[in-house]
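Trainee: Just passing along the structure, written as structure tokens.
The values are calculated or read from the model by the stated rules, or taken from the named source; none is laboratory data. As the structure is a prediction and not an experimental result, all values here were calculated from the model. We place every Cβ from the backbone using ideal geometry, glycine too, and count neighbours over all the protein chains shown. These area figures cover heavy atoms from the full protein model, side chains too; ligands, DNA and RNA do not enter into them. Shrake-Rupley method; radii C 1.70, N 1.55, O 1.52, S 1.80 Å.
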Amino acid sequence: MSQTSLKQKKKNEPGMRYSKESLDAEKRKDPDKNGARLSTQGSQELPVPNSDSRGYIVRNQWSRTSRSPSTGAPSVDEPRSRNTVVKAPNSSATSRTSSASPSHHETSPPPPSSEKPSLQQTPQTRPNTQLDSQPPTPPEHEPTSKRTSKMYGGSEPWALRDTRESRDLQLRDYAHSCDSRELIPKTAREYTRPSPTEWKPYVQRRLQYGTSVDMDQECLSEIQQQQQQQQIEEDEIDEAYWASVSMLYEKIPSCARPRPPKPKHAITIAVSSRALFNMVDDRKIYEEEGLEKYMEYQLTNENVILTPGPAFRFVKALQHVNSRLRDLYPEEQDLFDIVLMTNNHAQVGVRLINSVNHYGLLIDRFCLTGGKSPIGYLKAYLTNLYLSADSEKVQEAIKEGIASATMFAGAKDMAYCDTQLRVAFDGDAVLFSDESEHIAKDHGLDKFFQHETLFENKPLAQGPLKSFLEDLGKLQKKFYAKDERLLCPIRTYLVTARSAASSGARVLKTLRRWGLEIDEALFLAGAPKGPILVKIRPHIFFDDQMFHIESAQKFGTITAHVPYGIAQKRN
């Protein structure tokens, strides 16, 4: 029989035809025989089951009670039509439909179909499968979890499938984007750093590094934009100011001010304000009107330059020696360091500074004690020589073991050498001790001469100014090392009332024993020293007896009285 006639025969057999109404009625009559609960939600319709060549229904139900009583089991011996396709059961779909629980039924609803199902199944492209002689074994149940029932238990299975598909699509896109990013080389934003020794102005650094101005202006509020603009304007003003200042300093001629030497190497000369400048009138105001009037006077006249005092030319000569030493030894530290040591109030300091700068004095260290004695600071400053106009302060310093002298100005103006420091010393109680003075005062000159001849080879004990002579000799040797003995800017003198024949040998041998050299030695044998000092024109002359100081002062010599020895008791 042909296939066409067989199909017509099946259509003409009313007993073998199943309609949707009869199937629903049968299910309502015997619901327990159904392998799964049928659901007719909305307009969904169940497809009509396929039938074989004899009209038997080929169902995808694996339950034994799924067949109707009126329908017999298909015979295996009967030949089947080649066009009849028996679809292999889907294990996942069958497992969901074989369960009678509501959760299984809800998780696998039949797909909606808008067309009316037909009894004839369209040919499939899949290969035909033959049924076995034995009834097929139903697949095992898949365990149902609460999470599965909650995730897929909705009434809109296609919406859930769309959601899953969109999520899978997003995951694929994200993975693709990650793969594409891996292909792109990662270039970190790097900023060039200048070397630690390289300095760049702010403008170049601001252009090199990113600033907040490069941000999107739409993301910033108006207040922030105004603050940024104001900050930029302030930076530009600062840069312009410092640029103008640098140009100004470049145009100024170089006025290099040498740095003061370190105290541990320097020869510190402490000078009081009254010894450095002429402050006789100021002193009278202090003694007659008191401290308040004195301070008021100094504040009113702080821009009035003070006139030079007795130690002024001596300080200028010290600075000349420093200049010559720096020319020969640029890194020299054994230099004279001048310190302004005074008991004046700090309010007077402005006038002193103005006067120091006016005369070009290289005095960087000031000590203003405000009425207290500055003697306590002399050792802290490592003072080698202290010069003051106050004899009481000088005596305090002598008792502390510091070389000191009271300055007196000359009665006449005298021309001084500007290229050479000249220092004249008395012998006894200045460079040497006063032991010979004791013999001369107590036993007379004859005993004195006999004593000096007897102890000619015994060195004299040192006096208060011996250390200062040593400092001068140390600097002289630096010039001698450069073969500048004749051009040395330091020259020392010994001006003594001793007699060379009777007592001069002990003095020279004592200096030799000390390792000191004296440039000129003048033995006057009791003659006045004033006329000799006029020829020498020293910047300072040290003596322990006031009648020699007064004699030299009359001729215009700047003198310094050393209050030491037995002569002070007798005077």
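Trainee: Quick check on E302: is it open to solvent by 60 Å² or more (accessible area, probe 1.4 Å) and either of a type in the set (D, E) or over 22 Å from E392 (Cβ atoms) (or both)?
Mentor: no
Trainee: Another question about this same structure. Name the residues in the stretch 396-416 that are open to solvent by 30 Å² or more (accessible area, probe 1.4 Å), touching a Pro at 6+ places or on another chain (Cβ under 9 Å) and in a loop (DSSP other than H, G, I, E, B), would you?
Mentor: G401, A409, Y416
Trainee: Of the conditions (1) within 30 Å of A567 (Cα to Cα); (2) part of a helix (DSSP H, G or I); (3) open to solvent by less than 30 Å² (accessible area, probe 1.4 Å), L352 fails just one. Which one is it?
Mentor: For L352, the failing item is (1).
Trainee: Follow-up. Of (1) open to solvent by less than 50 Å² (accessible area, probe 1.4 Å); (2) at pLDDT below 90; (3) farther than 27 Å from A346 by Cβ, H265 satisfies all except one. Which?
Mentor: (1)
Trainee: When you go through (1) under 28 Å from G376 (Cβ atoms); (2) of a type in the set (D, E, K, R); (3) crowded, with 18+ Cβ neighbours inside 10 Å one by one for D428, which number turns out not to apply?
Mentor: It is condition (1) that D428 fails.
Trainee: Enumerate the pairs (first residue in the stretch 401-424 and farther than 22 Å from V321 by Cα; second residue anywhere and aromatic (F, W, Y)) with beta-carbon separation below 6 Å, excluding pairs fewer than 6 apart on the same chain, so at least 6 apart or on different chains.
Mentor: Sorted first by the residue in the stretch 401-424, then by its partner, the pairs are I402/Y386.
Trainee: Also, I was wondering about something else. Cβ-Cβ under 7 Å, sequence separation 6+ or interchain: first residue in the stretch 491-519 and under 22 Å from F448 (Cβ atoms), partner of a type in the set (V, I, T) and surrounded by fewer than 16 Cβ atoms within 10 Å (Cβ to Cβ). Which pairs?
Mentor: Once the first residue is under 22 Å from F448 (Cβ atoms) and sits in the stretch 491-519, its partners that are of a type in the set (V, I, T) and surrounded by fewer than 16 Cβ atoms within 10 Å (Cβ to Cβ) give S502/T453.
Trainee: Next question. Here are some residues: A270, A275, A317. Which one is assigned to a strand (DSSP E or B), aliphatic (A, V, I, L, M) and open to solvent by less than 70 Å² (accessible area, probe 1.4 Å)?
Mentor: Of the residues listed, the single one that is assigned to a strand (DSSP E or B), aliphatic (A, V, I, L, M) and open to solvent by less than 70 Å² (accessible area, probe 1.4 Å) is A270.
Trainee: Continuing with this model, one more query. If you take the residues in the stretch 434-465 that are closer than 21 Å to K399 by Cα and free of Cβ contacts under 8 Å to residues at least 60 places away in the same chain, which one is farthest from the chain's Cα centre (by Cα)? Explain how you work it out, then say what you get.
Mentor: As a first pass, look at the stretch 434-465 and keep what is closer than 21 Å to K399 by Cα: 434-438, 460-465.
Right, trim to free of Cβ contacts under 8 Å to residues at least 60 places away in the same chain and you get 435, 460-462.
Working: E435: 64, L460: 60, A461: 58, Q462: 55 Å.
Across the stretch 434-465, the extreme among qualifying residues is E435.
Trainee: If I ask for residues that are open to solvent by 40 Å² or more (accessible area, probe 1.4 Å), closer than 23 Å to Q545 by Cα and aliphatic (A, V, I, L, M), which ones from the stretch 435-483 would you list?
Mentor: The answer is L445, A461.
Trainee: Let me ask you something else. State all residues of the stretch 298-319 that are in contact with a Phe, Trp or Tyr (Cβ under 9 Å, 6 or more places away or on another chain) and over 16 Å from S273 (Cα atoms); if no residue qualifies, say none.
Mentor: Passing the criteria: A317, L318, Q319.
Trainee: Being open to solvent by 40 Å² or more (accessible area, probe 1.4 Å) and of a type in the set (D, E, K, R) is the requirement here; does R491 meet it?
Mentor: Numbers: open to solvent by 40 Å² or more (accessible area, probe 1.4 Å): yes; of a type in the set (D, E, K, R): yes.
Here the answer is yes, as R491 does meet what is asked.
Trainee: Restricting to the stretch 369-380, name every residue that is over 13 Å from S404 (Cβ atoms) and either in a helix (DSSP H, G or I) or in contact with a Ser or Thr (Cβ under 6 Å, 6 or more places away or on another chain) (or both). Before the answer, list the steps.
Mentor: First, pick out the residues of the stretch 369-380 that are over 13 Å from S404 (Cβ atoms): 369-372, 376-377, 380.
Passing the criteria: G376, Y377.
Trainee: Additional query: Checking the condition out of contact with any His (no Cβ under 7 Å at 6 or more places or on another chain), at pLDDT 90 or above and under 26 Å from C417 (Cβ atoms), which residue from V304, V321 passes? Steps first, answer last, please.
Mentor: Numbers: V304 fails: under 26 Å from C417 (Cβ atoms).
Criteria check complete, one pass: V321.
Trainee: In this structure, is R351 within 26 Å of L291 (Cα to Cα), of a type in the set (D, E, K, R), touching a residue at least 40 places away in the same chain (Cβ under 8 Å) and in contact with a helix residue (DSSP H, G or I) (Cβ under 6 Å, 6 or more places away or on another chain)? Spell out how you get there, then give the answer.
Mentor: Values: within 26 Å of L291 (Cα to Cα): yes; of a type in the set (D, E, K, R): yes; touching a residue at least 40 places away in the same chain (Cβ under 8 Å): yes; in contact with a helix residue (DSSP H, G or I) (Cβ under 6 Å, 6 or more places away or on another chain): yes.
Yes.
Trainee: Please verify whether A389 is within 30 Å of L276 (Cβ to Cβ), without any contact (Cβ under 8 Å) to a residue 24 or more places away in the chain and touching a strand residue (DSSP E or B) at 6+ places or on another chain (Cβ under 8 Å), treating the condition exactly as stated. Reasoning before the result, please.
Mentor: Details: within 30 Å of L276 (Cβ to Cβ): yes; without any contact (Cβ under 8 Å) to a residue 24 or more places away in the chain: no; touching a strand residue (DSSP E or B) at 6+ places or on another chain (Cβ under 8 Å): yes.
Judged against the criteria, A389 is not a match.
Trainee: Among the residues that make up the stretch 465-474, is at least one of them of a type in the set (A, V, I, L, M), part of a helix (DSSP H, G or I) and farther than 16 Å from A500 by Cα? Lay out the reasoning, then the answer.
Mentor: First pass over the stretch 465-474, keeping only residues of a type in the set (A, V, I, L, M): 465, 469, 472.
Filter once more, so that each one left must be part of a helix (DSSP H, G or I): 469, 472.
Imposing the further condition that a residue be farther than 16 Å from A500 by Cα reduces the set to 469, 472.
Yes: the stretch 465-474 contains one or more residues that are of a type in the set (A, V, I, L, M), part of a helix (DSSP H, G or I) and farther than 16 Å from A500 by Cα.
Trainee: Could you look through the stretch 324-349, keep only residues that are open to solvent by 50 Å² or more (accessible area, probe 1.4 Å) and farther than 30 Å from A481 by Cα, and pick out the one that is modelled with the highest pLDDT? Spell out the reasoning first.
Mentor: So in the stretch 324-349, the residues open to solvent by 50 Å² or more (accessible area, probe 1.4 Å) come out as 324, 326-327, 329-331, 333, 343, 345-347.
Right, trim to farther than 30 Å from A481 by Cα and you get 343, 345-347.
On the way: N343: 89, H345: 85, A346: 86, Q347: 82.
Ranking the candidates gives N343 first.
Trainee: Further question on the same structure: Filter the stretch 278-314 for residues that are assigned to a helix (DSSP H, G or I), within 49 Å of the chain's Cα centre (by Cα) and of a type outside the set (S, T, Y) and give the result.
Mentor: Quick first cut of the stretch 278-314, residues assigned to a helix (DSSP H, G or I) only: 280-289, 291-300, 312-314.
Right, trim to within 49 Å of the chain's Cα centre (by Cα) and you get 291-292, 294-300, 312-314.
Once the filter is applied, which keeps residues that are assigned to a helix (DSSP H, G or I), within 49 Å of the chain's Cα centre (by Cα) and of a type outside the set (S, T, Y), the stretch 278-314 yields L291, E292, M295, E296, Q298, L299, F312, R313, F314.
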